[in-house]
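Step one of this worksheet: look at the structure below.
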């Protein structure tokens, strides 16, 4: 007599759960990446400034987040090279000599009537991005199995009620 074959449903359920988790992670990653402003060459930024199409500039360190007055076709840096895209918001890397109050760029922004401001970059994004992977590792490989072991031990110690 051969022993009964184990069911594959628990394995299939686990694989399905992992695939769902991976799909949700991929969707979240794409959503976060889509929210970022597209990187634009500095020359393209200068062209848009000269054309009077820039509404607002927020400078952080040597980068700037730029908002246009209306969506326009802008040359964007991509993996395939510089390509045109229809954008309203984008980011630009500024030369360090121009990312200062009183610089020639700030005078040009004032002449064009562009709203601009400086914002200090805080440490929180870096801390979160550096601390999140270890926390996820602990949650998946330590806290989850430990919780399951505690639940199994509790169930094993629970008195069994026999129905008459």
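Could you tell me whether any residue of region 109-123 is over 30 Å from residue 51 (Cβ atoms), surrounded by 10 or more Cβ atoms within 10 Å (Cβ to Cβ) and without any contact (Cβ under 8 Å) to a residue 40 or more places away in the chain? No, there is no match, as no residue in region 109-123 is over 30 Å from residue 51 (Cβ atoms), surrounded by 10 or more Cβ atoms within 10 Å (Cβ to Cβ) and without any contact (Cβ under 8 Å) to a residue 40 or more places away in the chain.
Residues checked against (1) surrounded by 14 or more Cβ atoms within 10 Å (Cβ to Cβ); (2) within 29 Å of residue 132 (Cβ to Cβ); (3) under 23 Å from the mean Cα position of the chain (by Cα):
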| site | (1), (2), (3) |
| --- | --- |
| 2 | no, no, no |
| 9 | no, no, no |
| 14 | no, yes, no |
| 25 | no, yes, yes |
| 55 | yes, no, no |
| 106 | yes, no, no |
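With respect to the conditions (1) surrounded by fewer than 14 Cβ atoms within 10 Å (Cβ to Cβ); (2) over 27 Å from residue 133 (Cβ atoms), residue 41 lacks only one, and its number is (1). Every condition in (1) over 29 Å from the mean Cα position of the chain (by Cα); (2) not in a loop (DSSP other than H, G, I, E, B) is met by residue 132 except one, and the failing one is (1).
Residue 96 fulfils the conditions (1) assigned to a helix (DSSP H, G or I); (2) loosely packed, with under 11 Cβ neighbours inside 10 Å except for a single criterion, (1). Determine if region 52-59 includes at least one residue that is part of a loop (DSSP other than H, G, I, E, B), touching a helix residue (DSSP H, G or I) at 6+ places or on another chain (Cβ under 8 Å) and farther than 30 Å from residue 136 by Cα. Among the residues of region 52-59, at least one is part of a loop (DSSP other than H, G, I, E, B), touching a helix residue (DSSP H, G or I) at 6+ places or on another chain (Cβ under 8 Å) and farther than 30 Å from residue 136 by Cα, which makes the answer yes. Against the test of being buried (at least 16 other Cβ atoms within 10 Å of the Cβ), farther than 19 Å from residue 119 by Cβ, touching a helix residue (DSSP H, G or I) at 6+ places or on another chain (Cβ under 9 Å) and in the same structural domain as residue 116 (by TED's automatic domain parsing), the options 66, 76 yield a single qualifying residue, 76.
The values are calculated or read from the model by the stated rules, or taken from the named source; none is laboratory data. Only a predicted model underlies this, so the values are computations on that prediction, with no experimental measurement involved. Positions of Cβ are generated from backbone atoms using ideal geometry, with glycine treated the same way; all protein chains shown enter the neighbour counts.
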